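The structure appears right after this line, and notes come after that.
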Amino acid sequence: MREYNVAVVGATGVVGTEMISTLERRNFPVKEIILLASERSLGRELTFRGRDYPVRVLNEDSFKGVEIGLFSAGGSISQRFAPVAAKEGCVVIDNTSAFRMEPDIPLVIPEVNPEDIRAYGTRRIIANPNCSTIQMVVALKPIYDVVGIKRIVVSTYQAVSGTGKDAIEELVGQTKALLTLKEVETKVYPHRIAFNCLPHIDVFLDNGYTKEEMKMVNETRKILKTPSMAITATTVRVPVFYGHSESVNIETERKITPDEVREILSNAPGVTVIDNPDLSEYPLASDAAGKDDTFVGRIREDESIPNGINMWIVADNIRKGAALNAVQIAEILIKENYLD
Ligand code: L14
């Protein structure tokens, strides 16, 4: 079997390290792994398949001979280096929001629109959607295919790991400080995240929504190819380390019962239904962390309208929300022979 030279950009980060372990876990056909990060990580080594590899400093010459680039080092790094990698013949799978909404860049969830991958075309960049978008659309697409969806109302409960290591440390530090009556330091987020909920993820836009909220709206429309679907989002940071949870309300075109939704989702790729309220069984971030699937439960009728369904959707934001989705895209590139 052919093997490929794979670069991980942002290799020392929360998503980067998960990308490395995902390549390993899924037995991705890696010929050579190239680990790239900023100067801050110089001197570090990371393990891949039992061997230690040095972390190299990302620069203009990093992509010679690289065939697949998994980028997760922030939007400005992607803006600058994804085109450099593409010029060297590398296909970039970009985990940042830098290119997602550009019309000639595919935005892909493998369970939803794998056929869009082949159109990476001249720019040689494929965008990985936002973590909150991915898990919601993985669960909604099978329902959309059967009865259509008119409107989505979503509120998220997002883990701090999405922001990175500093945010994980901030939640640990603040929790310890509060429990030992010490002074609380706040650096990463504008307010204390420990024992709190912050209705603020990414920056605020002119319309009063956050950029994270508008990513959910615009990315969902692009992936489903429904440019005018009614979607509204409220994204909230909660003191959870791994796993995003979402309360999702949909209004469908045609009537569907909760039993039918459970049946459809039980057969949907990448979805596990956990819905036994009598036994207090429903998806939890603490159970989803470290797993690949998207978990759906609390499926029930929205009794305030004729065709409404409510549900609770949970996934590991670093796995399906980032690293796993990116590696799945790379797997399709290979399997379908989309790489030249
Ligand atoms: O990829 O949780 O658009 O702070 C940017 C915000 C990822 C999550 C993206 C967070 C997100 C991140």
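Data table
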item	result
Test for Ala86: is it over 24 Å from Val203 (Cβ atoms), surrounded by fewer than 16 Cβ atoms within 10 Å (Cβ to Cβ) and away from the ligand (no atom under 16 Å from the Cβ)	no
Tabulated pairs, the stretch 307-323, first closer than 18 Å to Ser286 by Cα, second within 12 Å of the ligand (Cβ to nearest atom) and part of a strand (DSSP E or B), C-beta under 6 angstrom, 6+ apart or interchain	Asn317/His244
Check on Leu224, modelled with pLDDT of 95 or more, more than 22 Å from Ile309 (Cβ to Cβ) and more than 12 Å from the ligand (Cβ to nearest atom)	no
Residue that is farthest from Trp312 (Cα to Cα), among those in the stretch 168-198 that are exposed (fewer than 12 other Cβ atoms within 10 Å of the Cβ) and either within 16 Å of the ligand (Cβ to nearest atom) or modelled with pLDDT under 95 (or both)	Lys187
Asp292 being without any contact (Cβ under 8 Å) to a residue 12 or more places away in the chain and out of contact with any strand residue (DSSP E or B) (no Cβ under 7 Å at 6 or more places or on another chain)	no
Residue that is farthest from the ligand (Cβ to nearest atom) [pool: residues in the stretch 89-117 that are surrounded by fewer than 22 Cβ atoms within 10 Å (Cβ to Cβ) and over 20 Å from Val138 (Cα atoms)]	Gly89
So Ala268, is it under 20 Å from the mean Cα position of the chain (by Cα), at pLDDT 95 or above and either in a helix (DSSP H, G or I) or away from the ligand (no atom under 16 Å from the Cβ) (or both)	yes
Filtered residue count, the stretch 120-137, keeping only those that are over 26 Å from Tyr242 (Cβ atoms), modelled with pLDDT of 95 or more and either within 16 Å of the ligand (Cβ to nearest atom) or among the small types (Gly, Ala, Ser) (or both)	1
Complete set of residues in the stretch 161-215 that are small (Gly, Ala, Ser), within 26 Å of Glu102 (Cα to Cα) and part of a loop (DSSP other than H, G, I, E, B)	Gly164, Gly208
Index of the failed condition, Asp293 passing every other in (1) closer than 21 Å to Met19 by Cα; (2) modelled with pLDDT under 95; (3) among the acidic types (Asp, Glu)	(2)
Within the stretch 224-235, tally of residues that are in a strand (DSSP E or B) and either of a type in the set (Phe, Trp, Tyr) or out of contact with any Ser or Thr (no Cβ under 6 Å at 6 or more places or on another chain) (or both)	3
Qualifying positions in the stretch 132-160 - part of a helix (DSSP H, G or I) and among the hydrophobic types (A, V, I, L, M, F, W, C)	Ile134, Met136, Val137, Val138, Ala139, Leu140, Ile143, Val146, Val147, Val160
Close pairs (7 angstrom Cβ cut-off, 6 or more residues apart or separate chains): closer than 11 Å to Ile33 by Cα in the stretch 57-76, among the acidic types (Asp, Glu) and away from the ligand (no atom under 16 Å from the Cβ) anywhere	Val66/Glu88
Residues located in the stretch 155-167, provided they are more than 8 Å from the ligand (Cβ to nearest atom) and within 17 Å of Cys197 (Cβ to Cβ)	Ser155, Thr156, Tyr157
Test: residue in the stretch 282-293 that is within 16 Å of the ligand (Cβ to nearest atom), crowded, with 21+ Cβ neighbours inside 10 Å and not charged (D, E, K, R)	yes
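The values are calculated or read from the model by the stated rules, or taken from the named source; none is laboratory data. Only a predicted model underlies this, so the values are computations on that prediction, with no experimental measurement involved. Here Cβ is always computed from backbone atoms with ideal geometry, including for glycine, and neighbour counts include all displayed protein chains.
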